[in-house]
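Below you'll find the structure, written out as structure tokens, and then a few comments.
Only the coordinates and a few stated rules stand behind these numbers; no lab work does. This is a predicted model, so every value here is computed, not measured. Cβ sites come from the backbone with ideal geometry, for glycine too, and all protein chains shown count toward neighbours.
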Amino acid sequence: MIVESWMTRDPFTVTPDVTVRAAAAIMADHRIRHLPVVKGDRVIGMVTRSDLLRGEAIDPFSVGASEDRTPQREVRAVMSSPVVTTLATAALEEAAEIMATRKLGALPVVRGTGALLGIITDADALRALISSLRVDGPCTRMVFTRVDANGLLAALAPKAKALGLTIAGVLPAGFDLVITVRGPHGDRLADAAWAAGYRPISVLERQ
């Protein structure tokens, strides 16, 4: 999976001279948590709800906040810059790892020139993970640990065909290997794995 398949295209943006409260209004109106800050077509920063809360003496999201007449700060004063970005062609897991490591909720997606294309969020990465694991209809999920993936799949593929099952997903997860099988009575393939010397640590069947 690549970032382009899961990103939001043409996201809402602000310029650095927009006030904190105007940016907060955009977030509240559209129920979003992150705004890329752009100058022309280039992304120069990122602002989050937390940034905006720190940028104002009162909560800019609160009722009546827009009626306050005190001087208002601009987004440039609270945005994160330089901004961490990703490319549309980057692997989704690489973008997700950046977000997890740096504790970021989103990454602007840019062209090689720095022009903004979209935004990818931690929620998008979670949706992609769910999509990769989900199988409609009867299925069985088996988890193996510290196994030779190639040897295991070579052993299971002919057994699956003989049983009328389809190996619908193979997901490495640390030392574990998660195999999802589509079709009823997938536990029979788990039995075949045991017979071949591969012992699943978990077998979850859904009819």
Once amide H atoms are placed 1.01 Å from N in the peptide plane, what residues at a sequence separation of 5 or more from Val84, or on another chain, have their amide H within under 5 Å of its amide H? none
May I ask for the angle, rounded to the nearest 10°, between helix 92-102 and the longest principal axis of the chain, with both axes built from Cα atoms and the value confined to 0 to 90°? 60
Give the Debye-formula value of log10 I(q)/I(0) at each listed q (0.10, 0.12, 0.13 Å⁻¹), with one equal scatterer per alpha carbon of the chain, two decimals each. -0.60, -0.72, -0.77
In degrees between 0 and 90, to the nearest 10, how far off the longest principal axis of the chain does helix 149-162 point, with axes built from Cα atoms? 60
So, counting K/R as plus one and D/E as minus one, what does the shell of residues with Cβ under 11 Å around Leu116 add up to? +2
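Quick check on packing: order 118-130, 100-112 by the mean number of other C-beta atoms within 10 Å, highest mean leading. Intermediate values should be presented prior to the final figure.
Working: 118-130: 18.2, 100-112: 16.5.
Descending packing order for the listed peptides: 118-130, 100-112.
For the stretch 135-206, what is Rg from Cα atoms divided by 2.2 N^0.38 Å, rounded to two decimals?
Working: Rg = 10.7 Å, N = 72, 2.2 N^0.38 = 11.2 Å.
Ratio of Rg to 2.2 N^0.38 Å for the stretch 135-206: 0.96.
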Rounded to the nearest 10, the angle in degrees between the Cα long axis of helix 20-30 and the longest principal axis of the Cα atoms of the chain comes to 40
